Amino acid sequence: MRVRGRLTGAGLAIAAAAVLSGLGATAASAQPADAIGTKAEAANVPVHVTTPAYIRSAPQTTGAVWGTVQFGDNWDAICFTEGGDASLNGRTSDIWVQLDQWGPSNGFVTELALQNGHAGLRPC
């Protein structure tokens, strides 16, 4: 909505009310962008690590390495997505699992490092 001229006092209040009433249905049903993929929004699924692997910033082997998962670790996973091919112990997959690291950003690990791959997880 484009308003020309200058609004003051009551005119400004009426214009603001009109804009807000038009957004009411959208704002009530929309999720805040920063809540998507967070601990509060995610239905986490426990995953068990069977092979050490890198935790990456993106679902591909060129993503920055943020850490590692180790044999025997248990993590909470958020979802899975397709990405670049990863190879581990003679197997290859393009499916990556997003881990909930309880921090500002969640990393990705190849499903090949997990006992049940991406079973039970929703797509990202």
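All of the numbers you see were taken from the coordinates with simple rules; none came from a lab. This one's a predicted model, so the numbers in the text were calculated from it and none came from an experiment. In this analysis, Cβ positions are derived from the backbone assuming ideal geometry, glycine residues included, and neighbour counts consider all displayed protein chains.
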Query raised in the report: For the stretch 87-124, how many residues meet the condition of being charged (D, E, K, R) and within 15 Å of residue 69 (Cα to Cα)?
Result: 2
**Report entry** Residues (among the hydroxyl-bearing types (Ser, Thr, Tyr) and either over 18 Å from residue 50 (Cα atoms) or under 13 Å from the mean Cα position of the chain (by Cα) (or both)) located in the stretch 101-124
**Finding:** 105
**Report entry** Any strands (runs of 3 or more DSSP E) falling wholly within the stretch 63-109 and containing at least 3 residues that are in contact (Cβ under 8 Å) with a residue 24 or more places away in the chain and in contact with a Ser or Thr (Cβ under 9 Å, 6 or more places away or on another chain)
**Finding:** 74-88, 91-99
Query raised in the report: Can you name the residue in the stretch 61-100 that is polar (S, T, N, Q) and surrounded by 16 or more Cβ atoms within 10 Å (Cβ to Cβ) and is also nearest to residue 49 (Cα to Cα) among such residues?
Result: 98
